[in-house]
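Data first, discussion second: the structure below is written as structure tokens.
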Amino acid sequence: MNWKYIIKRLLLTVIVYVILVFIYSVLFNSVLERTIRVQIQEKIQAEIMAMTDMPSDQVRNYREQRMKQEYDRYELDKPVLQRILNRTKRTLTFDFGNATHMRSKTGEQNAWTIVKETIPRTVILFSTATIINLIIGIMVGIKKAQKAGGALDKATSIGTMIVFGMPAWWLGMLLIMFFGYTIKIFPPGGIQSTPPFDGFRAFLDQGYHMVLPVITLVILGFWGTSFLTRNVVLGTLQEDFVMSARARGIPERAVLYGHTLRTAAPPITTMAVMSLVNSIFGNIVFEGIFSWPGMGNLYFTAVQQQDVPVQITLLAILTGMQLLALAILDIVYGFLDPRIKVGGRR
Amino acid sequence: MTLKDRKDKFMEFWNEYKKVKFGLVGLAFLIILLLLIIFEPLIVPFEGATEAWSDIAYWQDYPQNSRPVWTNFFSKDKRTPSVILEDFKETELPQRGQVRFFEYEFEYDYNYDIAPKDMILRFKGDGKPFVTISIIRPDGKTIDLIRNREMIISSIDGARVSIQNNSGANAYNFASNYESAENLSGVARDRIDVMPVIMSKADVGITKGAEALKGTYTIKISAILREPQENIEKPIITMSGAVSGLMGTDNQKRDLFTGIILGIKWALLIGLLTSFVSITIGVIYGVICAYFGGIVDVIMQRIFEIFYGIPMLPLLIVVSAIFSPSIWLLIAIMGLLYWVGPVKTVRSIGLQIREETFIEASQALGAGHFRLIFKHMVPLLLPYTFASMALLVPGAIVAEATISLLGLGDTTIVSWGQILNSAFRGGAIINGYWWWVVPPGLMIAITGMTFAFIGFAMDKILHPKLKSR
């Protein structure tokens, strides 16, 4: 095992992450500070309103004094660059601050708490969809590769291209309209029925609510998976070692599942992990359409309510997830295929 | 490379391309889309709809949330389509002192089962004439829709009367002669649905969807002009149909077919320009990485990795939310965000090309970096570049539609995403207004498919090995 490479790769990930968080801080700085200034002003105004009998010069003094205090607290009187750097530092240490308007289910203001409770819901929805998608996609892909140029291969290839530019949220809208409102066999949105069930029935209920979004994702997703699997497997089937395995009289099944798939595993794994990660933030609107209370839906709401701390938190988490996935992939690659030495000296 | 060389190269490519059937289908779709853009003024049934798309006054005579006309083929009950009545018979009655009397008669053949949503009368002219509007039904009964009302006609906009909004009481009185007391008790005088009452058989159930009374209706408008400078001219009646246009109307009464056609040029512009900008950046970036190698390559690869780690769509949404960009700025931002796609492949191809002998030969002849990159390396990458461009177009169109769906897009243009946004907000999904949701999304999908066909066809020519075993 190449420890040096692993450490180098992880270090690079951390550096890239720091740079990206810095960029986000720059991008959000002015909007965020505008909101904070307005909040401070409202807060002080409310305090002054509460104190009825105070002479006007004292009010002015009090206002100035409180302003200074609050500006000090939020570091608004420091230079711009320092403010941005401080925010970057806080974001990197998971100190995301309080949300502007949004609240968590328990009523907490902390942005990280709000985001934290949505992560499992998103992961459950998209990992279910991705797993089903991969099972169907890889199975179809192998069948396609076995009879390349055949009827199934051609038909599914055309299918891949037909759904290539189809937005998942649009298909979701159509399915909700038809199954959710017209024939009413699936719930049109949400994660559970109202009133919610308990115990095992709650689990079943959540599964029932997941059917429609998962179907949508799988209908659009498996074509691409099968197309990629086909190309990878087909490329491997043309290699000499497959020919020699066949010549040695090894049964076709063993050639396919033993020799070919093992060699084709790294690219298929990449595809699997990347499609999971990509689907999570490629489908921000998707969750909104299905009112699935996950990260995408939260982002959707945060953008509309202009709640910047929640947006930054989500972006930081999503970016971290993507970078980590890429790093792990690179490292796992070395195990799956010893021929590949990513980043090694040429 | 001479012109002839180029032509030969192109013919060689075209001969290969011709063999890929779905590539030809994609090309055909692209040509159809381009033709639709070129002949847009002839196809769009409404003049000046581009500017007037978000102008409520422009669309006010059309029906709200009406189905497409062709749905009549599939349903038992035929709905009335929109129609404009312009032919009328004008009679001037004898003048009495200064007061003049005019009568206009319109004929309307009604052969449908479901009444129009509204009947709208418009006048040009000037002054404040007293107007009476009555309708003579095929069964001989007459309903006075408007009785002797003073109508203010402005010399600029004229006057507009909606029967649905103004004749509730009169329609109620007419219906109460025939309707059973039980049915009538459930209908509010000012909430009655006017058009079905006017166009149904005079029998019990007239307020509850009785059978339609088919035949020729005569609509009579009489106007009394008291002042000599007053005049009234060009009366027009619009029947706002229960079905309207090729693709129906939305909740702001806009014709959706027009919107779909107007959206084509924006979709192609967004898709092509974004993919052109970003793929050009990406390919040149990759080639430079490969050509220079060494420390330049290392630094540029690190920068690439930073961009590669950005979740594009969330960032695009954030940037749109902060800057609320125009469509041009949006295209520029997308172009600058989506360039990472081709870099890795281009770099690896470029590394191979760099080692070719002809590069070495031109280096020996004293060719500079610029010449080597743009004259020798980039042309070899052109096929790959075009394929990547075609394959990025659908993504760019979907990205714009997504931004628009969130309500962060450029609202001054008519894009399919904007139409879907108003459909989503206008409750099209809950109410099942499929004609408002299906066509825009389908157009996005079809345009995406067109470029996918073209891109995959080019890809197939580039990698002939994967064609079959």
Could you work out the relative contact order of segment A:117-306? I mean the mean sequence separation of Cα pairs under 8 Å and 6+ apart, divided by the number of residues, in percent. 35 percent
If R0 = 41 Å, then B:Ala361 and B:Leu34, at their Cβ-Cβ distance, give a FRET efficiency to the nearest 0.05 of 0.45
How far is the Cα center of segment A:10-25 from the Cα center of segment B:28-103, in Å? 57 Å
Under a plain spin-label model, where a point goes 7 Å from the Cα along Cα-to-Cβ, how far apart in nm are B:Ala188 and B:Ile43? 4.4 nm
Filtered chymotrypsin sites (Phe, Trp or Tyr not before Pro), segment B:7-52: DSSP coil and at most 14 other beta carbons within 10 Å: B:Phe39
Restricting segment B:98-155 to chymotrypsin sites (Phe, Trp or Tyr not before Pro) in coil, as DSSP defines it, with at most 15 other Cβ within 10 Å: none
Tell me, how many Å apart are the Cα centres for segment B:333-351 and for segment B:295-325? 12 Å
Ratio Rg/Rh, restricted to segment A:197-238 and using Cα atoms, in which Rh is the Kirkwood radius: 1.36
Per residue, what accessible area does segment A:117-306 have, given a 1.4 Å probe and all protein chains present, in Å²? 44 Å²
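Can you give the net charge of the other residues whose Cβ lies under 13 Å from the Cβ of A:Leu81, counting K and R as +1 and D and E as -1? Before the final figure, lay out the partial values.
Working: positive: A:Lys78, A:Arg83, A:Arg87, A:Lys89; negative: A:Glu75.
Result for the neighbourhood of A:Leu81: +3.
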Only residues of segment B:442-465 count here: report those whose backbone N is under 16 Å from the spot 7 Å along Cα→Cβ of A:Met243, or say none. B:465
Mean projected area (nm²) of the alpha-carbon convex hull when segment A:117-306 is viewed from all directions: 13.5 nm²
Give me the summed buried accessible area for the B-A pair, 1.4 Å probe, to the nearest 100 Å². 4400 Å²
Please compare each pair in B:Lys124/B:Lys201; B:Lys89/B:Lys124; B:Lys19/B:Lys375; B:Lys78/B:Lys201; A:Lys154/B:Lys344; B:Lys76/B:Lys214 to a cut-off of 23 Å on the Cα-Cα distance and tell me which ones are over it. B:Lys124/B:Lys201; B:Lys19/B:Lys375; A:Lys154/B:Lys344
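Work out the mean other chain Cβ neighbour count within 10 Å for the residues of A:149-156 and drop it here as an integer.
On the way: counts 3, 2, 0, 0, 1, 2, 0, 0.
Taking all residues of A:149-156 together, the mean is 1.
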Where in segment B:148-163 does the amide nitrogen come within less than 16 Å of the point 7 Å from the Cα of B:Gln229, taken along Cα to Cβ? B:153-156
Cα point-scatterer Debye curve for the protein assembly as shown, base-10 log of I(q)/I(0) at q = 0.05, 0.06, 0.10 Å⁻¹: -0.39, -0.55, -1.18
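How high is the relative contact order of segment A:3-92, in percent, with contacts defined as C-alpha pairs under 8 Å that are six or more residues apart?
On the way: 26 pairs, mean separation 43.7, N = 90.
Once divided by the residue count of segment A:3-92, the mean separation gives 49 percent.
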One finds, for A:Arg66 and A:Gln304 with R0 = 35 angstrom and r their Cβ-Cβ distance, a FRET efficiency to the nearest 0.05 of 0.65
How many angstrom lie between the Cα centre of segment A:212-256 and the Cα centre of segment B:356-432? 30 Å
Accessible surface of segment A:1-94 [probe 1.4 Å, protein heavy atoms]: carbon and sulfur percent: 62 percent
Could you work out how far apart the two model spin labels at A:Glu75 and A:Asn98 are, taking each label as a point 7 Å from the Cα in the direction of the beta carbon, and quote it in nm? 1.8 nm
Could you tell me the ratio Rg/Rh of segment B:78-240? Both radii from Cα atoms, Rh via Kirkwood. 0.99
Angle check, please: helix B:327-337 long axis (alpha carbons) against the longest principal axis of chain B (alpha carbons), in degrees 0 to 90, nearest 10. 30 degrees
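Once neighbouring chains are kept in place and the probe is 1.4 Å, which whole percent of the accessible area of segment B:45-102 is contributed by carbon and sulfur?
The value for segment B:45-102 is 53 percent carbon and sulfur by accessible area.
Calculate, in nm to one decimal, what A:Tyr208 and A:Ala254 gain on full extension: separation in residues at 0.36 nm each, minus their alpha carbon distance.
Result for the pair: 12.7 nm of gain on full extension.
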How big is segment A:95-164 in terms of Cα radius of gyration and Dmax, in angstroms? 21.2, 58
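Please report, in debye to the nearest 20, how large the charge dipole of segment A:134-229 is about its Cα centre when each Lys and Arg carries +1 at its beta carbon and each Asp and Glu carries -1 there.
Numbers: 6 positive and 3 negative charges, 71 e Å.
So the dipole magnitude of segment A:134-229 works out to roughly 340 debye.
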Separation in nanometres of the label points that stand 7 Å from Cα toward Cβ, at A:Leu10 and A:Leu174: 4.7 nm
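Of all the Cα-Cα pairs you can form in segment A:3-92, what percent are over 21 Å apart? Each step should come with its number before you reach the end.
Working: 2046 of 4005 pairs.
Percent of Cα pairs beyond 21 Å in segment A:3-92: 51.
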Please name the residues of segment B:389-408 whose accessible area, counted over protein heavy atoms with a 1.4 angstrom probe, falls by no less than 20 Å² between the chain alone and the full protein assembly. B:Leu391, B:Pro394, B:Val398, B:Thr402, B:Leu405, B:Leu406
With the 1.4 Å probe rolled over protein heavy atoms, segment A:1-63 has an accessible area per residue in Å² of 66 Å²
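Please work out the FRET efficiency for the pair A:Ile136 and A:Thr269, using the Cβ-Cβ distance as r and a Förster radius of 22 Å; give the result to the nearest 0.05.
Numbers: r = 17 Å, r/R0 = 0.77.
That gives a FRET efficiency of 0.85.
The values are calculated or read from the model by the stated rules, or taken from the named source; none is laboratory data. Quick caveat, the model's predicted, so the values are computed rather than measured. Don't worry about glycine lacking a Cβ; one is built from the backbone with ideal geometry, like all the others, and counts go over all protein chains shown. Side chains included, ligands, DNA and RNA excluded: accessible areas come from the protein's heavy atoms. Shrake-Rupley method; radii C 1.70, N 1.55, O 1.52, S 1.80 Å.
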